[in-house]
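Asker: Following this message is one structure expressed as structure tokens.
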Amino acid sequence: MNNAYVNKVFEEFKSKNPGEKEYTQACQEILESLELMVEKNPAIEKNQLLERFLEPERLVQFRVAWLDDNNVVRVNRGWRIQYNSALGPYKGGIRLHPSVNVSILKFLALEQCLKNSLTTLPMGGAKGGSDFDPKGKSDMEIMRFCQAFMTELYRHIGPDTDVPAGDIGTGGREIGYMFGQYKRLQNEFTGVLTGKGLTFGGSLARTEATGYGLCYFTAKAMETVFGDSFKGKTVAVSGSGNVAIYATEKAQALGAKVVTLSDSNGWIYAPDGIDVAVLKQIKEVERGRIKDYAARVPGVTYVEKVAGAPTLWTTKVDIALPCATQNELNIDDAKALVANGCKVVCEGANMPCTLEAAHFLIDNGVLYGPGKAANAGGVATSGLEMSQNSMRLSWTFEEVDARLKGIMEAIYENINATQKKYGIAANDCLTGANIAGFDKIATAMIAQGVL
Ligand code: NDP
């Protein structure tokens, strides 16, 4: 970083947040992008906007005690980080995964602020979660955990204050249990969570939204930058959860062939493409593992994740859509993708590329779409769910899907206009997304005074 003010902010940030690896990585990426903007807009330094933006408004940590099926008491830690409310009520998912800690949630909340801004909907940024591991838990254990989690969280949220949603480990089932407990404690049926079931205020197309939105964004960017499309392309998708399943479905519907999927134990290679019905049966109905897919579908191979084994990014593909988790694609993976002729990397997950990998991809002409833009379809559709709840109306699948497509294309167009305004290369959607996202927040923060 060359700008003295930006450098000073980053040094102070590091000394205030020691050991917070993911949070520091996200901050560095954002500050690097914002240098250009800071130089052209003296109001940012004058109002100390970077320092203010990089300090979460509120962070709540709490104990979550629950009973397992053997009547043994279990204790987890829960958090909610209400990062920035300049643009609207706090909004962001709840992650349930043993790896969850403050650094990961702060990075996710920070990213969420810029993402929500890019959607143009009135939503601030937040994130929450717990180090609870849902794997291997019975349905009743999941319910008791979700109820215990909400028993503390409910006092910090509300339809005009903070509206949580799903994320890793939190799908429709968990949102249902949390919603039920909120309703019981508050004696109020309001749209306090998004991703709800369709019979109690959920929006059609919310389940599909992040994966579909990722493909709408990627298609628009490819068309603009290369005059190309998904048709006939080979695609690597990672993960096999909500985002990965619907990215696979939409990419294949747009004429591509998805040849990989993964989970934390390994990955599959499916040379003829993915049978989405089988994938949904295994992941959504049976709650199985991705290796079950290889066992069930002939011609598919499974590569166990062990030290020294090749990663799925060594597969020869035209397009890569990382949809699992943060830092799953490192510099060696980026080099393998480029060496194999991959032209597009758009992120379904949040920060799946390390900073080094992202720089390498951009420097080598790969069209790079960061998660904060490319995966914004989930939260955008959550915003549409909030609108429907407020109006007590339900739109059709086609109506929500059409709005989602429009929002994703508008996000890309906003980034593209920002790239042109600041002279940023067309394949670098990272710098454009950070500037476009921050611009709106900065304007609102200045207008609302020193808070
Ligand atoms: P799911 O829980 O449905 O799926 C997550 C997938 O990623 C699973 O296949 C999981 O495998 C894999 N995974 C999780 N942690 C790891 C890890 N440490 N190493 C390797 N694989 C891992 O989550 P989602 O699909 O909802 O979320 C995926 C990503 O997309 C996350 O980064 C999330 O923040 C982001 N996202 C999600 C949105 C949504 O609407 N759901 C919206 C925007 C972003 P395993 O089963 O083995 O853990």
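The values are calculated or read from the model by the stated rules, or taken from the named source; none is laboratory data. The shown structure was predicted, so the numbers you read here are calculated from the model rather than taken from an experiment. Methodologically, a virtual Cβ is constructed for each residue, glycine included, from the backbone with ideal geometry; neighbour enumeration extends over all protein chains shown. Surface areas here come from the heavy atoms of the whole protein model, side chains and all, with no ligands, DNA or RNA. Shrake-Rupley method; radii C 1.70, N 1.55, O 1.52, S 1.80 Å.
Asker: Around PHE13, under 10 Å between beta carbons, what's the net of Lys plus Arg minus Asp minus Glu among the other residues?
Answerer: -2
Asker: For a protection proxy built on the mean count of beta-carbon atoms within 10 angstrom, sort 183-189, 211-217, 169-175 highest first, please.
Answerer: My ranking of the peptides, most packed first, is 211-217, 169-175, 183-189.
Asker: Something else now. What net charge is computed for the residues neighbouring TRP395, neighbours being all others with C-beta under 10 Å from the C-beta of TRP395, Lys and Arg scored +1, Asp and Glu -1?
Answerer: -3
Asker: Calculate what fraction, in whole %, of the accessible area of region 271-339 sits on carbon and sulfur atoms when a 1.4 Å probe is rolled over the protein chains.
Answerer: Ligands and nucleic acids excluded, carbon and sulfur reach 54 percent.
Asker: Which of the listed residues, SER33, PHE200, PRO298, is farthest toward the dipole's positive end in the chain, when Lys, Arg count +1 and Asp, Glu count -1 at the beta-carbon?
Answerer: Positive-most Cα among the choices belongs to PHE200.
Asker: Can you list residues whose amide H is under 5 Å from ALA320's amide H, if they're 5+ apart or on another chain and H is modeled 1.01 Å from N?
Answerer: Here the answer is ALA236, VAL344, VAL345, CYS346, since their amide H atoms fall under 5 Å of that of ALA320.
Asker: Cβ neighbours within 10 Å, averaged per peptide: list 433-444, 343-354, 194-205 in order, most packed at the top.
Answerer: Ranked from most to least packed, the peptides come out as 343-354, 433-444, 194-205.
Asker: Shifting gears a bit: Please list, in order along region 424-436, the HN-Hα scalar couplings obtained from phi with the Karplus expression 6.51 cos²θ - 1.76 cosθ + 1.60 (θ = phi - 60°), rounded to whole Hz, x for Gly and Pro.
Answerer: Working through the residues one at a time gives 8, 4, 5, 7, 9, 7, 5, 4, x, 5, 5, 5, 4 Hz.
Asker: Convert each backbone phi in region 189-195 into a coupling constant with the Karplus relation 6.51 cos²θ - 1.76 cosθ + 1.60 (shift: θ = phi - 60°), then list the ³J(HN,Hα) values in order as whole Hz, x for Gly and Pro.
Answerer: Couplings: 9, 10, x, 8, 10, 10, x Hz.
Asker: Would you list which aspartates and glutamates come within 17 Å of LYS8, measuring only between C-alpha atoms, while excluding same-chain residues fewer than 8 positions from it?
Answerer: GLU29, GLU32, GLU35, GLU39, GLU45, GLU51, GLU55
Asker: Still on this structure: Assuming a strict under-30 Å limit between Cα atoms, what lysine pair count do you get for region 130-247 once near-sequence pairs (fewer than 8 apart, same chain) are dropped?
Answerer: 8
Asker: For GLY195, what residues show an amide H to amide H distance below 5 Å, using hydrogens built from the backbone and excluding near sequence neighbours?
Answerer: So GLY195 has HN proximity to SER203.
Asker: Okay, moving on. Quick check: net charge around VAL73, other residues with Cβ under 12 Å of its Cβ, Lys/Arg +1 and Asp/Glu -1?
Answerer: Local net charge: +2.
Asker: Next up: Run the dipole for region 1-136 about the Cα centre, Lys and Arg Cβ at +1, Asp and Glu Cβ at -1, nothing else charged, and hand back the magnitude in debye, nearest 20.
Answerer: About 380 debye.
Asker: Turning to a different aspect of this structure: Show the residues, 5+ positions off or on another chain, whose built amide H is closer than 5 Å to the amide H of ARG95.
Answerer: For ARG95, whose amide H was placed from the backbone, the distant partners under 5 Å are GLY128, GLY129, SER130.
Asker: In whole Hz, with x marking every Gly and Pro, tabulate ³J(HN,Hα) for region 354-361 from phi via Karplus 6.51 cos²θ - 1.76 cosθ + 1.60, θ = phi - 60°.
Answerer: Working through the residues one at a time gives 5, 4, 4, 5, 4, 4, 4, 4 Hz.
Asker: By average Cβ neighbour count within 10 Å, what is the ranking of 287-294, 23-30 from highest down?
Answerer: 23-30, 287-294
Asker: Next question, about the same structure. Based on alpha-carbon centroids, what's the gap between region 132-162 and region 370-419 in Å, whole number please?
Answerer: Distance between centres, Cα-based: 26 Å.
Asker: Dividing the convex hull volume of the alpha carbon atoms of the chain by its residue count, what do you get in Å³ per residue?
Answerer: In the chain, the Cα hull volume divided by residue count equals 141 Å³.
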